[in-house]
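To start, the structure under review is shown below, and the notes come after it.
What follows is calculated from the coordinates using simple rules that are stated; it is not laboratory data. Source: prediction; values computed, not measured. Please note: Cβ atoms are built from the backbone with ideal geometry, for glycine as well, and neighbour counts cover all protein chains shown.
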Amino acid sequence: MIRSFAFLGVAATLAACAPQVPDSGRAVAQAQSASQTSTFNAPAQVAATPLSGGLADPSAAVNPSELAALGIGSGAPVGLAQAQAQQVPLEASPQNPQPALASNPGLSDEQSFTAVSSRETIESDAERRAQQIAQRQVVMPSALPQRPSDTGPNIVEYALKAPNRKGQEWYSRSIFAGQGKFQRNCATYNSPDAAQRDFLARGGPDKDPRGLDPDGDGFACGWDPAPFLLAEGGN
């Protein structure tokens, strides 16, 4: 008997500690009752007011000819696409006709027999040649003008009469003629021709007060008579 009471006590204790299971049946019943009793009001109707001017007719707003010119409604491409679509590819062949060239008044067609024969005759051509001969002017050669005497030494004449060539020593020079004086004084001239002209005007080639010809060839600041000799030999 005592063992039975002990077993009942344990069972009661376990029942008190077990969690309660929610009653799902009662929740479902409450939801069904709420859905049956709820009502929804119908939305209020909205009245549409027509525009006072009405809708414009698109076909009446634009002239159909203008639409056709723009390629609208005709199915034709517009602009560059239309021009490209109308071009037909040309196959390269010797039998193709010669393309027509646009006339250009700035270009002469005197070499074209067809063009000349269409507007000229033998008589008109002879008359035109006679007019050209009558307008021709013959200029007779005249003597060269005399060179002014106040222009300084003639370096061309000096080059043609020089007894030596560039770099060939022909005149005596001082042993004290240095490269520093030569370079410093030659830098004051804008060209070798100007240096040679001033060199001759100062007593060269026998004298060289400015040290323009330290090697004694008679040519100042590297001036070379070879171009003048070449020109004279070509004549």
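For the range 107-235, what does the relative contact order come out to in percent, with C-alpha contacts under 8 Å and a separation of six or more? Intermediate results must be reported in sequence, preceding the final value.
Numbers: 103 pairs, mean separation 35.7, N = 129.
Worked out over the range 107-235, it gives 28 percent.
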Inter-label distance, nm, simple model (7 Å from Cα along the C-beta direction), Glu120/Val139: 2.7 nm
Do any chymotrypsin sites (Phe, Trp or Tyr not before Pro) in the range 118-221 lie in a DSSP loop with no more than 16 other beta carbon atoms within 10 Å, and if so, which? Trp170, Tyr171, Phe176
